[in-house]
Each structure stands twice: as structure tokens, then as C-alpha cells.
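Working notes, beginning with the structure itself.
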Amino acid sequence: MEFRGSLGVTVRGIVGFQSYMSTVRLAFPDFHNQVEDMVAEGDQVVTRLTYTGTHLGEIFGLAPTGKAISYGGIAVFRISGDRVVEGWVMGDRWGLFQQISGPVAPIPPAYPAAPPWEQSGIKHYIAPPWFSWCLLPRSIPAA
């Protein structure tokens, strides 16, 4: 089994998955995921999830806050026989981070002098990974 979780870590095998979940449970001992929707087709299953817990351990370098958290996510699993052989989970880490650290405004990366498509002469531009991050709503606390 190969599993890629919301913490941005890919693990292999049941021992790797157990280690991943131990990391989650150290930060959120009462961690729970609620399946909101589930769709299956062929060898794939997709679920919409709501994660809940209480932040009682360090995560993302943030000390425990004691705050209750709730955030959404989606998971895609590939099944072979009666086993999950691949899992890919994407939770709203930004929403989680804001709940345990407070509202913050991300600092966008520096932009090049000219857009990449003008520099390279390509006709179709694929946005870099940070592009959607720049479009996130920003919340700046009042001074």
C-alpha cells in the first residue's frame, strides 16, 4: 500500500500508515474523520470527509493550543481485491493552520520581471504550484 496524506508525507505499507496516523494522533489525540459522501467506480473510491479533533500536541512546528478543530478534505483510494493499495488524501491544511495559529496573510513568492511565458516564448502557460496559494483569501488582524 502507498498512502499520501494531508501532512504532505507519502508512506508505504501498513507500518508506514500506522506511523503516519501516530503523528496525527500525537497532535490530535481525539482525531476523527467523518465520511460525508462516498462514490465508487471500478477500482476507485472517493470520499468527502470532515476531520475533527483537539490540538493537544505539536504539529507544523506549532505548540499545542487546546483548540477544537474542524476542516474538510477529500480522499481517493484504489482497491485491489479486498485491500486498499493506494490512498491519496488532501485536507484543507490552510484552514487547519488558521484554526490553530490564528488568521495570517501568506507572503507570496517574488514575481519575475516578466511573466514566464514572455521569457520562454511558450504559447500556453501552466500555472506554478504556488499560483493557487496566491489566490487564497487573506485575513490580516487589525492593528
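The values are calculated or read from the model by the stated rules, or taken from the named source; none is laboratory data. As the structure is a prediction and not an experimental result, all values here were calculated from the model. In this analysis, Cβ positions are derived from the backbone assuming ideal geometry, glycine residues included, and neighbour counts consider all displayed protein chains.
The table for this structure:
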| item | result |
| --- | --- |
| Any hit, region 88-102, residues being over 19 Å from L26 (Cα atoms), basic (K, R) and surrounded by 13 or more Cβ atoms within 10 Å (Cβ to Cβ) | no |
| Where R25 falls short, out of the listed (1) in contact with a Gly (Cβ under 9 Å, 6 or more places away or on another chain); (2) part of a strand (DSSP E or B); (3) not β-branched (V, I, T) | (2) |
| Test: D30 is part of a strand (DSSP E or B), charged (D, E, K, R), at pLDDT 95 or above and closer than 28 Å to E2 by Cβ | no |
| Criterion violated by V35 - all others in (1) closer than 17 Å to I74 by Cβ; (2) in contact with a strand residue (DSSP E or B) (Cβ under 7 Å, 6 or more places away or on another chain); (3) surrounded by 12 or more Cβ atoms within 10 Å (Cβ to Cβ); (4) aliphatic (A, V, I, L, M) satisfied | (3) |
| Answer residue from region 1-22, given it is in a strand (DSSP E or B) and touching a residue at least 40 places away in the same chain (Cβ under 8 Å) and is surrounded by the most Cβ atoms within 10 Å (Cβ to Cβ) among those | F3 |
| Hey, F17 farther than 20 Å from Q99 by Cα, of a type in the set (F, W, Y) and touching a strand residue (DSSP E or B) at 6+ places or on another chain (Cβ under 9 Å) or not | yes |
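Per-residue answers, yes or no, for (1) surrounded by 13 or more Cβ atoms within 10 Å (Cβ to Cβ); (2) under 13 Å from the mean Cα position of the chain (by Cα); (3) at pLDDT below 95; (4) not in a strand (DSSP E or B):
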position	(1), (2), (3), (4)
V46	yes, no, no, no
T50	yes, yes, no, no
G53	yes, no, no, no
L56	yes, no, no, yes
G66	no, no, no, yes
I74	yes, yes, no, no
R78	yes, no, no, no
V84	yes, no, yes, no
